[in-house]
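Here the structure comes first, spelled out in C-alpha cells, and everything after it is commentary.
Coordinate-derived values only; no laboratory data. Bear in mind that the values here come from a model prediction, so they are computed numbers and not experimental data. No Cβ is skipped: glycine too gets one built from the backbone with ideal geometry, and neighbour counts run over all protein chains shown.
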Amino acid sequence: MHNSITNHQTFYNLTPTAMELVDFIDDGEDARHFRFRLITPQSINTPKPGQFFMLSVPGAGEAPFTFTAKPNNQGVFRALIRKMGDVTTALFQCQSGAILGIRGPFGKGWPIASLSDKKIIMVAGGCGLAPLTGLIDQLIAERHHKHLALVYGARNRALQMLNPERLRWQREISLFDVLEDTGETVTSSKNHVLEGTPLDAMDSVLRTLDWTPDMLLLCGPEVMMKAVAKNFLQRGLPAQSIWLSIERRMHCAVGLCGHCYLSEHHLAHHYVCKDGPTYRWDYLQPPEKTE
Amino acid sequence: MATKVTTTICPFCGVGCGMNLLTEKNRLISVEPQIDHPISRGQLCAKGWSSAYGIDPKDRITHPLIRTPQGFRQTSWNKALETVAARLKQIMEETGPQAIGIISSARATNEDNYAAQKLARAVLKTNNIDHCARICHSPTVAGLNQTLGSGAMTNSAEDIFETDLVLVFGADPTENHSILGGHIIRAHLEGTQLIVVDPRRTRLAKLADTHLQLKPGSNIALLNAIIKIILDNRWQDKKFLDQRCEGLAQLTASVANALEGVEKTTGISLPKIEAVAKAYSQSKRAMILYGMGVTQYVSGTNNVIALSNLALTCGQLGRKGTGINPLRGQNNVQGACDMGCLPNVYPGYQKVDNPEVRAKFSQHWKTEVPEHPGLTSMGMTKATLAGEFRGLILFGENPVVTDPDQNLVKRALGKLDLLVVAELTMTDTARMADIILPAASFAEKTGTFTNCERRVQHVQQALPPLGEARTDWQWLAAIAQQLESDQLDWPDSEAVFREITELTPIYSAMNYAKMDQLHGLQWPCSPETPEGTAILHKDTFPIGKARLIPVHPIPIDENIDSKYPLLLTTNRLHFHYGCGSMTRKSPLLEREIPTGLLFINPADANELGVTHQSAVGVGSRRGYIETRAMLTDDLPPGLVCMPYHFHEAPSNQLTNTAQDPLTKMPELKACAVFVQPLEPGSFPRPIDEISGLSVEGVK
Amino acid sequence: MKIQSFYLNHPNTLRDHLAKSYRIEPPQAAPGQNTPPLVSPKGQLFAEHENLFTFDGECFRETLPNPEPFALFGVQSCDLTAISYQDQFFANDPYYQARRQQALLIGIDCLSPCQHGFCPSVNAGPGVKHETADLILHQLSTTSWLLLACNQKGLGALEGLSLNPANQPELNDRDDRIASCIEQFSDDSHLKQGITAINQNQVPEDLWQQLGLQCLSCSGCTSLCPTCSCYGTWEQQESNGDIRRQRFWDSCLYESFQREASQHNPTEKAGERVKRFWTHKFGDNFAKEFGRYGCVGCGRCEVTCPGVIGVHSVMKRISSDAQLDN
Ligand SMILES: Cc1cc2nc3c(=O)[nH]c(=O)nc-3n(C[C@H](O)[C@H](O)[C@H](O)COP(=O)(O)OP(=O)(O)OC[C@H]3O[C@@H](n4cnc5c(N)ncnc54)[C@H](O)[C@@H]3O)c2cc1C
Ligand code: SF4
Ligand code: SF4
Ligand code: SF4
Ligand code: FES
C-alpha cells in the first residue's frame, strides 16, 4: 500500500510559492502599494481583475489581497495593502528582499464580459478601491464599455488611497471624491469633491453625469454597498445589473476552512473565496418564499 | 501509532468536569469529554475543549533556572535545591521560621497542597502557609463558618435538576462555571423557576423568569428587605427556625426598618422584591448559587451572612435541591483549603490554635509543630515590606498579575531575600524569582482535585513530565530532603493521599480505587459515610445550631462624584481563566478576546462621544488604562464593566483596594471612574507605555 | 464488484487478522454495537491538528502525513455516512486524502436505536450502506456474525482468512433486522417539521436569537459532529528555526470565527451563527450539492451541548414554535 498521493493533479495547494518583496510606496494612511516578484515567473496563473491571492508572511500567517496589477513577464505584480492586524503588521516590518509566500489566484473576478457597451458606475469605499483598480485599468485599455464613473468615498483626504492611479484615471473617466470630512484644502484636480458618504452624494453625482448608469459595481464596507445597491434599485436599476465584491475572513481560499461562509440561508454552504468574492445582487437575495 | 486514552479532570474551574486526554507518542493530541461523568456528562466548556493548547511544550520551563546578574541561567536540580536549602537555613538562623513561608496553589493537586503545608509546618516549623483564594471566596469561608460551621457548597451540582427554584446571586455561571451554567439553563427549560440578582444583564438574567438588576453594593439592603417581607407574611419555615437555628429575635429586630428606602437603595421596586421573597420562601425546594458579586465587596463577609440568613429563615438547607452554594473559581481552591493551606487550620479545617489538634499532628508526624497561627499571603506581603519576612516559596500562581494589589505585591516580592517560584511558563511572577523550578502540568501528574461540590476526583498522568519538570509534591519533598528531613518522603502520590486520609477526618474513608469507581467522593467521607456526602447539614450543623446574625447595609467604599462619574465593576470572560497563562496559548481562545474590554451602556457612550470599538481612556483615583469600548445594553447607564486579568489593560490598576475588614477581600466589584474618548482612529496604549503618566496629567 | 458475504464466529477473529497488516482504531476491544462512540473517527482522516508546510527561510515545503495503513474497526453507519460525505468535501484536500487512502473501513450494523440517534430520518443508517464501507459486520447471534465485503479493497483485506460463504436466508435476515430496527426509532416529526421550517425560512429571527443566547461557544458540537470540517491556521517556530503552519479544528459558533481584522463581523449575533449552523446541516441547497443533508443523525450534539441546543432540542423548539404559529 504505497502512499502516492502527491501525483494527484487536482489537489488544492495549501502550500505557498515563494516570492520576494521588491519595494513599496506609502499610499494613504497605514497603507502601502507593494511590488512583489515571483521567484519563478509564471509560477502562478494569470489573474483576472477582481481575483485575489493569499499572501503569506512566514511566522505571522496568511491573508487575502487583490492584485492591483497582474504579474508581468518578470513575475512582478502589485497589491495595495492596508495595515490591519497581525499579518499586515508583520508585512509592514519586512524589508525589500524579504521572502514571502503566495497562493492563487483565487475567486471569480469581475464579470468583464457583461461590461462591454455598458454605462458603468463604480462605487468604492476606503480599501475597496483596490479590487477595482485592475479592472479600471483594463477597461481603460480595452474601451469596450461606453461610460465609466468612479465614486470614491473615504473618511478624509489622508485616508484616500491610490493617489497616483486616480490622478492617472482623471483624464479617462469621471471621478468623484466623497469625503466625510472634506477639511479646508481645495484641490486643483479635476476630481469632483463632495461631502458625506457615497450614498449622500449620489444625487449630485448622477446630476453631474450626462448619462444614466446601467451597471453598478460596488466594493467597500458591506453597509455602504447594501445602502447604495438599494438606492439604485429604487432608481430603477435591475438587480441583475448590480455587482458587489464581498469581504470575509479567509484562511484557505479554496472552500475548505469554512470561514468565509455566507449566512444568507439559501447560501449557507457557499464560500466567498470560491463563489465570490464578486456577486450579482439578486444572487444574494433569498428566493421567493414557498408556502 | 495508536492513541492512548487517559481519564482525568479538567484543570480549569471548580466544576471539575471529567475529561479524557488522548496522547500519541507522548504528545497530547486531543481532549474529549467523558460521557459517564456525573457532572459534565459528555460536555466541556470552551476552556476544557482547548486545554490541550495550555500545556503545549512551547514556552514551557523545562529546567531549573537560577538568577544571575546576566539573567536566568539553566542549572541542575541538585544545585537549585542546594541553593534553596542553604538560603532557607540562613534565613531561619538569622531571623527565625516566622520569616519564611509558602504560598501554594489552588490549581495544584491536594497531594501537592498537603505536601506544601507539611513542609511549612513539620519541616520549616512555620504556619506561614496560604494560597491565592483570597480574591475569590475568603468571605464565603469566613461568613459560612460563622453561620453554618462550614464554608463549602452545601449541596451538589445534581441538585440543580431537583429543585423548584434556582436563585443565582451575583454570579455568572454560564461564563465562569459554564457546565453548571448549562445545567441551570436545562433545569430552567424543564420548568425550574430561575431568579437572577445581578447589576449586569448576564446571559442567565436574559433567560430568567425574574432579573433583579440591583445597584452594585446593595446586596444586604435587598436581602434584609426580602427577609423582612418573609417574616411579615409568615412565610418563614417556623419549624426549621425553632429546631435548628438561633438568633431569630435579633435578626427580626435588625430587619425592622429594612423596607425603608429599599427601592431607592437597590433600584428595584417593592412588588418585585415581594414576588421574589414569596417565590423563594414558598418553593418546596429552592437553591441559592452565588459568586463573586457577593464576595468582592468591603461588605463581602456580611453579604454572605445575609444570604445565609435568608436560606436559614426559609429552611432551604439540608435537603435535596436547597442549600447555599458558593461557586468557587479555581479547579482546586476547595482542595487547597481542605488541605490546610491556610495559616490558621490544618488539613480538614482542624484549628491550629487547638492544642489537641497540634498534638495529633505532632504525634503523627513525630516532630514538633509551630504554635502560632501564621501569616496570610497579604500578611507576608506586609511583613516583607516591614523587613520581617525574607523567604518565600510560591507555586502555580501569578500574583504579580492577578493580585488586586499588584503594585504592592511586586514591591514585596522584589524585596525578598529568597523567592522560589515553580511554574509551567515564564510568568511575570516567575520573572522576579531567584530560583525557578520547572513544574509538571496537570497532564503530567497523578493526584486529586476537589471540586466546588466537595467531590475529590482522581487526576491521572497521561504524559511524562516535560524536560526535568517535577510534580510539586516531589520538588517540595526534595527541598525537605536538602533540609535533612524525610517528612515528605513518599513513594508515590497515592501514599501522600493515604497520609491525608489518616489525618483528615472528612477524607478519612477515601482512597483512589473507590474514587475511580464512584467518579469521585464528596466529603465528608468517613467510616459513617463511606460513599461520601452529597448534602451537608441534613440533621445538624457542625456548630450545632445555625446562627442567624444581623448584618446592616454597608455602602460601597467609593461612590461616584463629578470627577469620577461612572461606577466600574469587574467580570470574567468565559473563555479565559486566571491570568490567561494557559488559556491564551490557544489560538481559538486568544481570538475570542473581544476588541474592547470596557463594556458601557450606549446612553453613557453617546453622552461621552464614545463609539463602538473606539479607543477610550479609563481612570480612577488609583490608575489609568486604555482600551476599546464595547457598547452594550447588558449594563445599565451609570455602570461600566471590565474583565480583569488582561495584561493589555489590567483592571486592577483601577479597582479599589478598600477591603472587607475580616478577610481583607478587596472591593473589586465597585469603584468610581471616568471614561474619555481618545482621538478617533487612535489605538489604545498598553499599560507599560502609559505608566510614566500621572493620573491628573491625562484628564 | 458484487457484494460477497461470509460467516464469521466473532469480530475479534477479523480484528486479529487485520492487526497483522493494519493499525486498528480504536485500539481497545470489541466494537460498541448500537452506540457510536462519543468521539467519531473524524480525526483519523481530518486531523485535529495537521501540519501543512514548513518554511526554512527560502522555500515552502508541503508536509503531507504518511500514516501506516490503518483500519477503522466497527464504525456505525452514521459515521460511515459522514466519512463518505467528507470524502466528497475533502476530495481535493491532499492531507485528508493522504490519510484516507491508508484507511480500511469496517462498518457494523446497528440493530437497536441509540439514545439520541435518528439516522433513518436522514438516510444514514442504521444498517451500513454498502458504498460507505469496505467491510461490514452484522451480528446474527452470540456466536455467529455475517461479514460482507463491499469492494475489492475489503475483499483483499480478508486474504488469508478462511471463511465460509454466507447463505441467502441470513442475508435476508439482515435486511429484516435492519428494517425492524428502523421501526424502533422514536417519533421524528419534530425533525421533519424543523427541516421544513428551516428550508422555508420560517423560523422567526427572535427564536434564533433566543437559541443563540443559549450557545456558550464551547465548540463541543463542531468538535464531535462527524461532518463538521471548519479549520483555522496558525504558525509556530520549530526548534530548528523553521516556520511550520498548522491547521486545527475551528468552530463556526465562536464569535470570532468570522470577525475580520477591521472588527467587522458579519455574524456578530449568536443567533445568526446558530441559524447558519443548522441551515448548513439541513439546507436543501446543501443536499442538492452533496446528495444528502449535512447531518447524519448521530445525536452527539444533543449530548455535548451545555446550552441545550443540540439537534433534538433545537428542532423541538422550532417545530413547537411553528405549531404555535399555525
Ligand atoms: C477577497 C479579498 C480581497 C482583499 N483585498 C484586499 C486588498 O487588496 N487590500 C487590503 O488592504 N485588504 C484586502 N482585503 C482585506 C484583507 O484581507 C484584510 O484586511 C487582512 O486579511 C487583515 O489583516 P491581517 O491579516 O493583518 O489581520 P489579522 O487580524 O492578523 O487576521 C488574521 C487572519 O484572519 C483572516 N482575516 C482577518 N480579516 C480578514 C478580512 N477582512 N478579510 C479576509 N481575511 C481576513 C486572515 O486570514 C488573516 O490572516 C481583502 C479581503 C478579501 C476577502
Ligand atoms: S466548566 Fe470548568 S471544569 Fe468544566 S470544562 Fe469548563 S473549565 Fe473545565
Ligand atoms: S448535527 Fe448533530 S446529530 Fe447531526 S451529524 Fe452533527 S453531531 Fe450528529
Ligand atoms: S455545543 Fe452548544 S453551546 Fe457549544 S458551541 Fe455548540 S451550540 Fe454552542
Ligand atoms: S477561505 Fe476557507 S472556505 Fe473560503
Interchain or long-range residues, amide H under 5 Å from A:G125's placed H: A:G153, A:C219, A:G220
Please list 3J(HN,Hα) in residue order for region B:369-383, calculated via the Karplus relation 6.51 cos²θ - 1.76 cosθ + 1.60 where θ = phi - 60°; whole Hz, with x for glycine and proline. 10, x, 8, 7, x, x, 9, 6, 4, 4, x, 5, 4, 5, 4
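For a test of the definition: using alpha carbon positions, the gyration tensor, and the 1.5 limit on a/c, classify region B:115-183 as rounded, prolate or oblate.
Values: a/c = 2.69, a/b = 2.21, b/c = 1.21.
Because a/c hits 1.5 or more and a/b exceeds b/c, region B:115-183 counts as prolate.
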Please identify every one of the trypsin sites (Lys or Arg not before Pro) in region C:50-141 that sits in a loop by DSSP and has no more than 12 other beta carbons within 10 Å of its own beta carbon. none
For region C:189-321, diffusion coefficient by Stokes-Einstein and Kirkwood Rh (Cα), 4 °C, 1.567 mPa s, µm²/s: 81 µm²/s
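As a test, work out the antiparallel percent of DSSP beta bridges whose residues both lie in the protein assembly as shown, rounded to the nearest 5.
Numbers: 106 of 189 bridges.
Looking only at bridges with both residues in the protein assembly as shown, the antiparallel portion is about 55 percent.
What number do you get for the protein assembly as shown when its Cα radius of gyration is normalised by 2.2 N^0.38 Å, N = residues? Write out the running numbers ahead of the final one.
On the way: Rg = 33.1 Å, N = 1316, 2.2 N^0.38 = 33.7 Å.
Expressed relative to 2.2 N^0.38 Å, the Cα Rg reads 0.98.
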Using the basic label-point model (7 angstrom from Cα toward the beta carbon), what is the B:D539 to B:K278 distance in nanometres? 3.8 nm
Tell me, what is the percent relative contact order of chain A, built from C-alpha pairs under 8 Å that lie six or more residues apart? 16 percent
For all pairs of alpha-carbon atoms in region B:338-452, what percent lies in each bin of width 5 Å, listed from the first bin to the last filled one? 2, 10, 16, 17, 16, 18, 14, 5, 0
Expressed as a whole number of Å, what is the distance separating the alpha-carbon centroids of region B:24-78 and region B:287-349? 30 Å
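Once a ≥ b ≥ c are taken as the square roots of the eigenvalues of the Cα gyration tensor of region A:246-291, is the result rounded (a/c under 1.5), prolate (a/b larger than b/c) or oblate (a/b not larger than b/c)? Please list the in-between numbers first.
Details: a/c = 3.07, a/b = 1.90, b/c = 1.61.
Cα axes put region A:246-291 in the prolate bin.
Mean 1/r over all different Cα pairs, inverted: what Kirkwood radius does region B:4-54 give, in Å? Spell out each step's value before the answer.
Numbers: mean 1/r = 0.0927 Å⁻¹.
The Cα-based Kirkwood calculation yields 10.8 Å.
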Listed pairs A:K48/C:K288; B:K58/C:K281; B:K4/B:K445; B:K206/C:K275; B:K4/B:K585 exceeding 26 Å between Cα atoms: A:K48/C:K288; B:K58/C:K281
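Give me the Kirkwood hydrodynamic radius of region B:1-126, using the inverse of the mean 1/r over all pairs of distinct Cα atoms, in Å to one decimal. Provide the component values of the computation, followed by the final result.
On the way: mean 1/r = 0.0554 Å⁻¹.
It works out to 18.0 Å.
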Region C:4-183 - Debye-derived log10 I(q)/I(0), Cα point model, q = 0.15, 0.20 Å⁻¹: -0.86, -1.43
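If you average the sequence gap of Cα pairs under 8 Å that are 6 or more apart and divide by the length of region A:22-151, what percent do you get for the contact order?
Numbers: 230 pairs, mean separation 35.9, N = 130.
Relative contact order for region A:22-151 comes out at 28 percent.
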Apply the Karplus parameterisation 6.51 cos²θ - 1.76 cosθ + 1.60, with θ equal to phi minus 60°, to every residue of region B:624-631 and state each ³J(HN,Hα) to the nearest whole Hz, in sequence, with x for glycine and proline. 9, 9, 10, 7, 10, 9, 10, 7
I'd like the per residue volume of the convex hull spanned by the Cα atoms of chain C, given in cubic angstrom. 160 Å³
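Set the Förster distance to 22 Å, then compute FRET efficiency between A:T182 and B:Q676 from the Cβ-Cβ distance, nearest 0.05.
Values: r = 27 Å, r/R0 = 1.23.
Computed FRET efficiency for A:T182 and B:Q676 comes out at 0.20.
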Sort out for me the Cα centre separation of region C:132-195 from region A:156-176, rounded to whole Å. 69 Å
Within region A:177-278, which chymotrypsin sites (Phe, Trp or Tyr not before Pro) sit in a loop by DSSP and count at most 14 neighbouring Cβ atoms inside 10 Å? A:W211
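First check a/c for region B:205-329, with a ≥ b ≥ c the square roots of the eigenvalues of its C-alpha gyration tensor; if it is under 1.5, answer rounded, and if not, answer prolate when a/b is larger than b/c or oblate otherwise.
Details: a/c = 1.32, a/b = 1.14, b/c = 1.15.
It is rounded, given that a/c, with a ≥ b ≥ c, falls under 1.5.
Counting other C-beta atoms within 10 Å, which of B:S281, C:S189, C:S141 has the fewest, and how do the rest follow? Before the final figure, lay out the partial values.
Values: B:S281 24, C:S189 12, C:S141 6.
Listed from fewest to most nearby Cβ atoms, that is C:S141, C:S189, B:S281.
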Using amide H atoms built in the peptide plane, which far-off residues or other-chain residues are under 5 Å from B:K538 H to H? none
What would the Debye formula give as log10 I(q)/I(0) at q = 0.11 Å⁻¹ for the alpha-carbon point model of region A:112-244, no solvent? -0.34
Output ³J(HN,Hα) for region A:167-178: one whole-Hz value per residue in order, computed from phi by the Karplus curve 6.51 cos²θ - 1.76 cosθ + 1.60 with θ = phi - 60°, and x for Gly and Pro. 5, 5, 6, 3, 7, 9, 9, 7, 10, 10, 9, 10
For chain B, what does the equivalent ellipsoid look like in terms of its semi-axes, each the square root of 5 times an eigenvalue of the Cα gyration tensor, given largest first in whole Å? 37, 32, 25
Take the alpha carbon atoms of region B:655-682, find their center, do the same for region A:105-149, and report the distance between the two centers in whole angstrom. 54 Å
Rounded to two decimals, what ratio of Rg to Rh does region B:486-560 give with C-alpha atoms and a Kirkwood Rh? 1.24
Which whole-number percent of Cα pairs in region B:527-641 have a distance greater than 19 Å? 65 percent
Sort C:H138, B:H519, A:H144, A:H269 by Cβ crowding within 10 Å, fewest neighbours at the top. A:H144, B:H519, A:H269, C:H138
Relative to the present Cα-Cα distance, how much length would full extension add between C:H10 and C:D242 at 0.36 nm per residue of separation? 78.6 nm
Going by amide H atoms built from the backbone, whose H comes under 5 Å of the H on B:S30, apart from near neighbours? B:L22
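What ranking of A:K118, B:K278 emerges when the number of other C-beta atoms within 10 Å of each C-beta is taken as an exposure proxy, fewest first? Could the numbers behind the result be given before it?
Values: A:K118 19, B:K278 15.
Ranking A:K118, B:K278 by Cβ neighbours within 10 Å, fewest first, gives B:K278, A:K118.
Report the semi-axes of the equivalent ellipsoid for region B:157-213 in whole Å, largest first, where each axis is √(5λ) for an eigenvalue λ of the Cα gyration tensor.
Working: eigenvalues 53, 31, 15 Å².
The three semi-axes for region B:157-213 are 16, 12, 9 Å.
Just to verify a number: FRET efficiency for B:E93 and B:D688, C-beta to C-beta distance, R0 = 60 Å, to 0.05? Could you put the intermediate results ahead of the total?
Numbers: r = 39 Å, r/R0 = 0.66.
E between B:E93 and B:D688, to the nearest 0.05, is 0.90.
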Using the Kirkwood formula over every pair of different C-alpha atoms, what hydrodynamic radius in Å results for region A:17-106? 12.8 Å
Highest-fluctuation residue, A:Q234, A:Q138, A:Q51 considered, GNM on chain A with Cα pairs under 10 Å: A:Q234
Between 0 and 90°, nearest 10: helix A:198-208 axis offset from chain A longest Cα axis: 50 degrees
What does the convex hull of the alpha-carbon atoms of region C:160-230 project to on average, in nm²? 10.0 nm²
To make sure I understand the rule: partners must be lysines, Cα under 17 Å from the Cα of C:K153, and not fewer than 8 residues away in the same chain. Which ones qualify? C:K2, C:K20, C:K129
Please list, by residue number, every one of the GluC sites (Glu not before Pro) in region B:281-377 that is coil in DSSP and has at most 14 other beta-carbon atoms within 10 Å. B:E368, B:E371
